[in-house]
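Following: one structure in structure tokens, then a few remarks.
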Amino acid sequence: MDDRELARRAIEASRRAYAPYSRFTVGAALLARSGEVVEGCNVENASYGLTICAERVAASAAVARGLREFVAIAVATPTQGTPCGACRQFLAEFGSELRVVLTDLEGRMDVTDLRALLPRGFRL
């Protein structure tokens, strides 16, 4: 799957976000090595600390399906934002080689990788 299609899937996922407090919708599309794509969206909560980001929703859903090897993730935000620090560390658990496609909701893209976003992530 190419980056543009992965970004399109992330934009679609952002439309399903539950963001009544911030109105900042985020979608993610995680590409497994198997070729399967697992989507996620942010889910806010009145107790802000319980909010879960789109990237962690996608990764958790993928793990629940038995997937553990990932090659890319597309993240769609209104501002083409990067994953937060918690999401960067969460994704690094599955490898720092992950390609990261950043897109806004109109489809403008930038591509980087997790190592650039989290150069000295925590590892055991």
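The table for this structure:
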item: Residues with amide H under 5 Å from that of residue 42, placed H, sequence gap 5 or more; result: 18, 26, 54
item: Under Karplus coefficients 6.51, -1.76 and 1.60, residue-wise ³J(HN,Hα) of region 6-14 in Hz, glycine/proline x; result: 4, 4, 4, 5, 5, 4, 4, 5, 4
item: Over the chain: helical MRE at 222 nm, DSSP H runs n ≥ 4 each giving -39500 (n - 2.57), nearest 500; result: -8000 deg cm²/dmol
item: Hz values of 3J(HN,Hα) by residue in region 103-112 - Karplus curve (6.51, -1.76, 1.60), Gly and Pro given as x; result: 9, 8, 6, 9, x, 5, 10, 9, 10, 9
item: Long-range amide H partners of residue 72 with built H, under 5 Å; result: 31, 99
item: Percent of Cα-Cα distances greater than 24 Å, calculated over the chain; result: 18 percent
item: Debye intensity ratio in log₁₀ form over the Cα atoms of region 4-61, taken at each q of 0.12, 0.22, 0.24 Å⁻¹; result: -0.26, -0.75, -0.86
item: Low-density loop positions, trypsin sites (Lys or Arg not before Pro), region 31-124 - DSSP coil, at most 15 other Cβ in 10 Å; result: 33, 65, 68, 108, 120, 123
item: Measure of compaction for region 33-75 (Cα Rg per 2.2 N^0.38 Å); result: 1.26
item: Charge-dipole axis of region 3-117 as Lys and Arg at +1 and Asp and Glu at -1 on Cβ define it, positive-most pick from 47, 101, 79; result: 47
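Just so you know, all these numbers are worked out from the coordinates, no wet-lab data involved. Note that the structure is predicted; figures quoted are calculated from it, not measured. Cβ: placed from backbone, ideal geometry, glycine included. Neighbour counts: every protein chain shown.
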